[in-house]
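The values are calculated or read from the model by the stated rules, or taken from the named source; none is laboratory data. Model, not experiment: these values are computed from the prediction. Every residue, glycine among them, receives a Cβ derived from its backbone with ideal geometry; neighbour counts consider all protein chains shown. The protein model used for the area step is the full one, side chains on, heavy atoms only, and it has no ligands, DNA or RNA in it. Shrake-Rupley method; radii C 1.70, N 1.55, O 1.52, S 1.80 Å.
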Amino acid sequence: MNIVSTGERYRASTVAAFEAAVLVRCTGVCGAGGRARALGGNRVRTAFAHAPAGVLAEFNRSVAADRLVELLGAAGHSASVHRYTAGTRHRYEIFRVITAPSTAAFLDRAWQQGYADLCGAPELPRSARQIRHARLLAESAWRGVLLVSGPSRSGSPGLRVADLETATVLIRAGRMLSMPVRMSTRPGGQILLVMPQEAAA
């Protein structure tokens, strides 16, 4: 057995699982702690109220749903996308990600571990490998939120993130990636702004 390659595969799967957890948390419709609004807002949440068992998340963009299925596959969990049309006068498409009920608990654990790796205060100095892994987690967190989160209002700057834990992860991840991020608390959640370098100095 190649221990090095096995370890790299494990780290790659944990990064994929963490990014999947961020995606699901940002939809606000998962069973494992997601609290933020989906890109599409109340319509998506209302549609989920009648969703069948096994629905992990819902999106109004196919690219986000396909990405979640891809990430789950990389982490060892199968899933599929089911598309349907909702609404009465104004019709819109919803993309549901269907998977085993146990996947929600798996992503909850992946989120907790990723949160600890990014936001915890290590008792010992980190090795180069641990730092590299943390950077990969940081990049995956921002990939996930940018795929599903949008401005709080049309034409408004910043990303709306409803729960404080996700906002904290993104701030710490931003610092790790040299992206100065500021948070402003508003009704319904936090607004994250990526500041120009000169403004953050």
Practice prompt. Taking only region 127-147 into account, find how many residues are without any contact (Cβ under 8 Å) to a residue 60 or more places away in the chain and among the aliphatic types (A, V, I, L, M).
Written response: 5
Worksheet item: Which residues, taken from region 138-188, are more than 23 Å from Ala57 (Cβ to Cβ), modelled with pLDDT of 90 or more and among the hydrophobic types (A, V, I, L, M, F, W, C)?
Response: Ile171, Met176, Leu177
Response to the item:
Residues of region 105-130 being modelled with pLDDT of 90 or more and farther than 19 Å from Val145 by Cβ, in sequence order, are Ala105, Phe106, Arg109
Worksheet entry | Residue that is surrounded by the most Cβ atoms within 10 Å (Cβ to Cβ) [pool: residues in region 169-190 that are touching a residue at least 24 places away in the same chain (Cβ under 8 Å) and part of a strand (DSSP E or B)] | Gln190
Worksheet item: Can you name the condition, by its number, that Val44 falls short on among (1) at pLDDT below 50; (2) open to solvent by 60 Å² or more (accessible area, probe 1.4 Å); (3) not small (Gly, Ala, Ser)?
Response: (2)
Worksheet entry | All positions within region 58-80 that are part of a helix (DSSP H, G or I) and closer than 20 Å to Ala141 by Cβ | Val63, Ala64, Ala65, Asp66, Arg67, Leu68, Val69, Glu70, Leu71, Leu72, Gly73, Ala74
Fill in: Residue selected from region 65-74 under the condition open to solvent by 20 Å² or more (accessible area, probe 1.4 Å) and of a type in the set (A, V, I, L, M), by the criterion farthest from Leu23 (Cα to Cα)
Ala74
Practice prompt. Take the residues in region 112-126 that are touching a residue at least 24 places away in the same chain (Cβ under 8 Å) and out of contact with any Asp or Glu (no Cβ under 8 Å at 6 or more places or on another chain), then tell me which one is surrounded by the fewest Cβ atoms within 10 Å (Cβ to Cβ).
Written response: Cys119
Worksheet item: Looking only at region 85-111, which residues are surrounded by fewer than 14 Cβ atoms within 10 Å (Cβ to Cβ) and in a strand (DSSP E or B)?
Response: Thr85, Tyr92
Response to the item:
Those residues of region 79-111 which are touching a Leu at 6+ places or on another chain (Cβ under 7 Å) and free of Cβ contacts under 8 Å to residues at least 40 places away in the same chain amount to Ala79
